[in-house]
1. Which whole-number value in Å³ per residue fits the convex hull of the alpha carbons of region 50-182?
2. Want the number for SER115 to LYS157: 0.36 nm per residue separation, take away the alpha-carbon distance, what's left?
3. Pulled fully out, how much extra length does the chain show between LYS80 and ASP211, if you take 0.36 nm times their separation in residues and subtract their Cα-Cα distance?
4. Taking a threshold of 30 Å on the Cα-Cα distance, which of the pairs LYS145/LYS187; LYS80/LYS175; LYS46/LYS106; LYS105/LYS187 fall above it?
Amino acid sequence: MEQEQVVAVETEKSFPFFKILLKNALLIILTTILCALIGLGYCVMKVPPTYTASCSLILRTEIGSSSSQSQTANQATLAKRYLPTVEKLIKSPGLLLEADENYAKKYEGEEQSLSKGAISVNYGETSLIFSITYTDLSRELAEKKLNVLIDTFSTSKIVSSGIMADNVKFIRTQKDVDVVSNTSYVKYTIIGAVAGVVISVIATLIVYALDNTVRDKKEFEELTGVSVVAYINKERTKKK
C-alpha cells in the first residue's frame, strides 16, 4: 500500500527544468562565452573576407503611344514595368556567357567566369535608379567582374530584345564602383554562442538525469512517502 503511494507521487512530480538551468547558470554562461570565442577565432583564422563591388545606374527609355509616337513614360510606370525584367536579364545564362567572353577579351590570360549567385540587383518601385553588386573573395576581381558585367549589360542585344521599349539606355550615376569588405565575425560568433548554449543545456540535463542521489528533504519524502521529522546536514570538514 505504501509502495503504491510512492509511485503515485513520483508520477505527479514535474521535471524541474528551469530550476536545473538556474542552478547551472554560471556553467552555461561560461560555456556559451567559450564557444562564442572559438567561433570568432575560427572565423579570423579560417574564413577569408569577401568583397562586394557596387554601382548605381539609371534606366532611360521611351515607350510607344497608341498613335505610334514615342513619349517618355513617368518613372513609377517604367520602374514597375521594366526593372523586374532588368534583374532577370542580368542574371540570365546568355548574358553571363557573353560577359565571360568579354572578360577574357579585356583581361587576356585571366580565366575567370561570372557567377549568378554573386550578383545582386536592388531597386525601388518608383525610381528608375537601381544598383548592381558583385561579390568575390578578391577585391580586384569583384571590381573587374562588376565593370565587365555592366558594360556587357549596357550593350548586349539580349537586353535590347528582352526589354520591349525604345531607346533603352543604362547610364552610370558614378564613375568608379564602390568596393566594401565583408567579414563574418558576427555570424560565426553567434553560431558559436548558440552551440555553446545547446551543448551546455544538454550536458546539464544529462548529468541531472544520471544522478540518482536524493538531493533534499522534500525529494526524500516524495520517494519514500514518509514524513521527515528531522535531518542532519552534511558539513564539510575544515582543514586545520
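1. 103
2. Working it through step by step, the gained length comes to 13.1 nm.
3. So the chain would gain 40.7 nm between LYS80 and ASP211.
4. With Cα atoms farther than 30 Å apart: LYS46/LYS106; LYS105/LYS187.
Only the coordinates and a few stated rules stand behind these numbers; no lab work does. Keep in mind that what you see is a predicted model, and the values were worked out from it rather than measured.
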